[in-house]
Amino acid sequence: MRSSIGMLQRSFGLLSCRQKRVGSVGISKLKDSRLLFQQCAYLVQSHSFSSLPTSHSISSRRQYLTSQSSRQQQQQPTLFSLPNLLHPSDFTQLANTAIRECDTVRRTLASSLTAIDTDNDDGINHKVQKAKQTLHNLDDISNIVCTVIDAAELCRSVHASSQWRRGASDAFGILSEYIGSLNADERLYQSLRKFVFADDNDNNITTNDDSDLSIISQLPPEYQRMAHAMRKEFERDGIHLTYTKREEARELNNVIVGLESLFTNNITEKTKFYNIEGREMIQEVDKIVPRHVLGQLVRTSDTSNSDSSLTLSSDNLLTNTLLAHSPSSALRKEVYMQSNTSIPENINVLDSLIRHRHLHSSLLGYPSYAHRVLSDRMVGSPDQVYGFLNRMESRSSNVFKRDMNVLSLAKKHIEGGGDIEPWDVPFYTSLVKAQRQHQRLKDDRADGVDDDESQFHGYFTVENSIEGMKVLVQDLFGITMKKVEIPMEERWDIDTTSEQATTTPESSGGDLQKFEFHHEEDGPLGTMFFDLFPRDNKFVHAAHFTIRCGQYRQNDDDGNSRQDNTNHQLPIVALVCNLSPSSSSGSQTLLSHSEVETLYHEFGHGLHSLLSRTSFQHLSGTRAAMDFVETPSHLFESCTRDPSFLSRVLAKHYMTGLPMSEKRAEHLAMSQTDFRGIEIQTQIVHSKFDQALFGENPCSPSLGGCSSTEMFERLHKQAGVPFAHGTHWHSRFGHLVNYGAGYYGYLYAQTFAADIWLNTLALSMSSLSSPETIRRGGTKVWKEMLIHGGAKDPKEMIHAVLGREPSVDPFFQGVS
């Protein structure tokens with residue numbers, strides 16, 4: 001499953017956590033976050049949180065105020081374009097500067113609460129402008145803090161230098177603790193209630209005349225959405241509770257943050273090494289993975305490689321490659337069992353996380369953590385989630401059964417029979433897909449089609465994938481995507497603190513790329529970095545990070561935002577992937593089609609961030625409802641399966657430069673639907689598992705329920721999805737942290753994306769379509785959906801694009 005935007009879904013009152021990154025952790029008076037991990041490890045057993053530091057964590061999308069950003073653009077290059085960020089130690093200075101800037105705005109809001117209003121205009125117009133100003137001040141606080149903490153989150157996840165990673169972690173800790181004070185600042189909450197909601201006396205509306213009641217109704221729709229979102233986020237974290245309960249909630253939240261970080265840190269940093277024995281098994285590995293590639297994937301000096309023993313690791317790329325391509329059932333089983341039992345300590349971490357999330361949610365007045373999470377989603381409630389999943393299962397069940405029967409017949413032919421085991425699924429799906437493709441080509445030749453190739457290998461490269469992106473944004477939106485040089489000060493793929501570091505990225509082995517986006521009428525749109533290949537100590541999945549969020553900056557004293565491009569804070573985003581490091585052929589870097597899909601998926605998230613235009617960075621880009629936010633990414637991923645786009649633009653052989661034939665492109669599109677029923681059924685199981693963990697009767701022995709492993713096995717067996725007893729794949733399921741109670745959102749958003757693709761963009765992508773037709777479809781997607789970020793109800797956006805309510809039928813057209 002591809003990584004999603006907005007992985008972290010905790011909200012912290014003023015600062016709502018929507019960053020697409022796992023592993024955020026709050027640190028109080030700790031320079032080494034590992035100490036917090038150790039404390040949380042103890043918590044897993046004791047459930048005690050009295051010794052934990054008091055802190056909150058956040059990953060959101062904000063940037064410094066305009067003056068600082070503008071000054072920096074005119075000065076020398078710096079990392080992430082942050083003022084004076086030239087050395088790892090500068091991170092903590094920036095964090096402290098952000099705190100001082102933020103405190104200035106806090107004092108302004110606090111003084112307003114007690115000030116006597118002497119303005120002659122005490123009517124509704126004056127109060128509306130005061131409400132707008134209050135919302136902008138609150139957004140400025142978030143913007144100031146998050147410009148540093150977002151950059152620190154990315155830096156500690158990807159920087160090649162350990163010094164930079166430590167500096168970023170220190171800044172992250174400082175600001176995490178500070179955010180705790182922001183979230184507990186009743187003056188900020190009361191400012192929102194008094195000046196926006198005219199409600200500053202407990203839960204009762206206090207008003208001297210009827211005009212106060214209409215303040216919020218007089219605000220523009222985006223301001224109303226911002227106001228309700230911020231109040232809900234404040235109260236969802238307990239600021240409206242009594243002092244005693246609020247302190248209890250804060251303490252519980254500190255524990256939750258630490259446990260989430262421990263869980264994800266274990267996934268990121270813990271690798272299991274194991275030996276396979278016997279010459280035949282070793283030869284099987286050698287046939288699939290060359291030794292020099294194996295050395296890149298199994299990074300350990302503790303090996304016992306010999307003619308009779310070979311060290312492997314639980315590395316995802318290595319595991320998936322062997323499972324998909326090894327005909328040896330014994331090797332596949334060993335690899336599967338080892339990789340799916342690689343992080344046993346996360347079982348107890350997860351149990352403790354479930355327990356504390358449930359207690360925290362109950363304290364805040366929710367029946368469960370799932371109810372709390374889903375309260376601001378499109379779907380609304382756990383019951384609606386189950387209803388959606390059951391409908392999807394009903395529609396896909398026959399296809400799933402058919403797919404499983406095909407695998408059973410294939411195994412019977414190869415191995416003589418037996419049940420389909422989980423380690424069989426990748427191999428036999430790959431085998432049958434190849435056989436089907438061969439048959440399609442054979443049928444074509446019988447029909448007189450001259451096409452002798454039998455594989456798609458060699459048609460996809462990083463270079464041409466990026467060229468395809470350039471064509472895509474130009475054709476759809478009239479946007480140019482220009483590669484620009486990256487000064488050494490801006491690079492994070494090179495350890496510039498090393499004595500061996502050079503002054504040129506080429507000699508230092510850097511592969512970071514930077515692109516600036518420019519619209520033919522609207523001007524500059526922002527910057528996108530591509531960090532695509534694995535390296536030591538780098539985040540191991542695919543992800544979209546927002547370094548700086550877009551925002552129409554406030555210039556007017558009355559709280560209005562002038563909507564012109566010169567007044568826009570341009571976003572900076574980064575696409576972080578770990579594409580195959582071994583597929584180099586000369587100057588071309590070869591990719592599998594699946595990797596191209598992943599790249600375009602993340603590109604869709606990046607465009608969502610770059611193309612939004614909102615008054616508040618709190619609502620910018622991917623800061624939308626979490627079960628909607630995957631829609632743009634799946635929409636742009638669909639381009640990689642469109643036969644017309646493949647043959648015209650995306651797929652060109654790296655040796656000949658010739659494009660993939662239209663017939664071959666159609667075959668590739670058809671192959672993507674092979675065994676889709678198994679994929680959907682597996683996603684449904686994982687989504688139901690996610691709901692079961694965090695529902696009203698959570699799967700936690702510490703709360704009297706069954707274990708997560710028992711529930712995981714039970715749901716697999718009920719659905720007929722193969723499961724290996726004794727394994728715990730879910731201990732590596734990072735989405736339980738980042739998408740907890742919201743994993744269904746993947747399928748949910750895919751149904752919207754499929755409908756929009758089929759009825760809006762697919763026809764536009766045809767080679768027979770005129771440039772005007774293509775641009776018309778792209779403009780509708782941009783101006784009716786992407787441009788709004790989270791500032792508009794997603795249901796309204798989808799309806800505006802489609803001209804009707806969405807349907808799941810397009811999603812199943814390619815499945816059945």
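Each part gets one Cα centre, and for segment 379-411 versus segment 634-670 those centres are 29 Å apart.
Label positions at Ile347 and Val815, each projected 7 Å from the Cα along the C-beta direction, are separated by 3.2 nm. In this label model, Ser498 and Asn390 are separated by 5.7 nm, measuring between points 7 Å along each Cα→Cβ vector. Surface composition of segment 331-442: carbon and sulfur atoms hold 49% of the protein heavy-atom accessible area at a 1.4 Å probe.
You can think of it this way: the chain between Asn275 and Asp536 has 91.7 nm of extra reach, that is 0.36 nm per residue less the Cα-Cα gap. The eigenvalues of the Cα gyration tensor, multiplied by 5 and square-rooted, give segment 693-816 an equivalent ellipsoid with semi-axes of 40, 18, 12 Å from largest to smallest. Size descriptors for segment 685-751, from the alpha-carbon set: Rg then Dmax equal 11.9, 37 Å. Probing with 1.4 Å while keeping every protein chain in the model, the per residue accessible area of segment 614-692 equals 24 Å². A DSSP coil position with no more than 13 other Cβ atoms inside 10 Å describes none of the chymotrypsin sites (Phe, Trp or Tyr not before Pro) in segment 342-401.
Taking 0.36 nm per residue of separation and subtracting the current Cα-Cα distance, fully stretching the chain between Lys232 and Lys717 would add 170.7 nm. Projecting label points 7 angstrom from Cα along Cα→Cβ for Asp383 and Ser89 puts them 6.1 nm apart.
A Förster distance of 25 Å, applied to the separation of the beta-carbon atoms of Ala115 and Thr242, puts the FRET efficiency at 0.35.
Legend: calculated FRET efficiency, Ser430 to Asn305, from the Cβ-Cβ distance at R0 = 30 Å, rounded to 0.05, equals 0.65.
Pairs of Lys residues in segment 240-340, spaced 8 or more positions apart or belonging to different chains, with C-alpha separations under 23 angstrom: 4 in total. Each Lys or Arg adds one and each Asp or Glu subtracts one; over the other residues with Cβ under 12 Å from the Cβ of Ile99, this totals -1. Residues in segment 694-816 average 39 Å² of solvent-accessible surface per residue, probe 1.4 Å, ligands and nucleic acids excluded. Pairs exceeding 32 Å between alpha-carbon atoms, taken from Lys652/Lys688; Lys482/Lys538; Lys663/Lys780: Lys652/Lys688. At a Förster radius of 35 Å, what calculated FRET efficiency corresponds to the Cβ-Cβ distance of Thr673 and Lys470, to the nearest 0.05? Result of the calculation: an efficiency of 0.80.
Solvent-accessible area of segment 213-272 (1.4 angstrom probe, protein heavy atoms only): carbon and sulfur portion equals 50 percent. By accessible area, using a 1.4 Å probe on protein heavy atoms only, segment 673-816 has 51% of its surface on carbon and sulfur. The GluC sites (Glu not before Pro) of segment 616-725 that DSSP puts in a loop, and whose beta carbon has at most 15 other beta carbons within 10 Å, are Glu696.
With all protein chains kept in place, the per residue accessible area of segment 211-366 amounts to 41 square angstrom at a probe of 1.4 angstrom. Note on Lys130: lysines with a C-alpha under 26 Å away, same-chain residues under 8 apart excluded, are Lys194, Lys232, Lys792.
The values are calculated or read from the model by the stated rules, or taken from the named source; none is laboratory data. Note that the coordinates shown come from a computational prediction; the quantities given were computed from them, not determined experimentally. Virtual Cβ from ideal backbone geometry, glycine too; neighbours counted across all protein chains shown. These accessible areas exclude ligands, DNA and RNA; they are computed on the full protein's heavy atoms, side chains included. Shrake-Rupley method; radii C 1.70, N 1.55, O 1.52, S 1.80 Å.
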